[in-house]
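Student: Sending over a structure as structure tokens; questions will come in a sec.
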């Protein structure tokens, strides 16, 4: 055990800590997660963790980010609607995997601590989701379905915000009909309205 602790550094050590944090989240949930338990599981110490992540929420956000799938090419399915349905389905599936109680715990922490709000905002703004939305809109513009459009930050994040809101109200698993309604009744009309300006 001692040998393992002394030879792990850098990326290898960080990966072990993030894996340990995710395992703790899975087993005990956000509110019961402690840095001490993560350190024990990772075979390291609390100071080592705090040097990299200043708070429990920062550690959880980093662990969450590590579980993002490698950004894949956004398919061009031939229509704006089909592309958006693909995207909304991908995000909803990911939300199921990310455990709604974990997301709720991080959000609750964000309300209490401005520095966590900033971390979460940075994470959401740099997420692969925003690049995917841009690609889908660019494809629609190239096909003539939309006029050229400038997408505000909140519009880029809106698919996640809409799905998260629905999950809080209706439960974590969102049926296909809900995803279709969000695309048809909210997001496509919004994009078309922005393109008119």
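Student: Between residue 52 and residue 111, what FRET efficiency follows from the Cβ-Cβ distance if R0 is 25 Å, with the result rounded to 0.05?
Tutor: Details: r = 24 Å, r/R0 = 0.96.
Given R0 = 25 Å and the Cβ-Cβ separation, E is 0.55.
Student: How long is the gain from residue 76 to residue 131 if the chain were fully straight, where each residue apart is worth 0.36 nm and the alpha carbon distance is subtracted?
Tutor: Taking 0.36 nm per residue and subtracting the Cα distance, the gain is 18.4 nm.
Student: If you stretched the chain out fully between residue 67 and residue 37, how much longer would it get, using 0.36 nm times the residue separation minus the C-alpha to C-alpha distance?
Tutor: Computed gain between residue 67 and residue 37 is 8.8 nm.
Student: If each residue of separation counts as 0.36 nm, what is the full-extension length gain between residue 165 and residue 45 once their alpha-carbon separation is subtracted?
Tutor: Working: separation 120, 0.36 × 120 = 43.20 nm, distance 3.69 nm.
Extra length from residue 165 to residue 45 when fully extended: 39.5 nm.
Bear in mind these aren't lab numbers, they're just calculated from the coordinates by the rules spelled out. Worth saying up front: this structure is predicted, and the values here are computed from it rather than measured. When we count neighbours, we look across all protein chains shown, and the Cβ atoms used for this are built from the backbone with ideal geometry, even at glycine.
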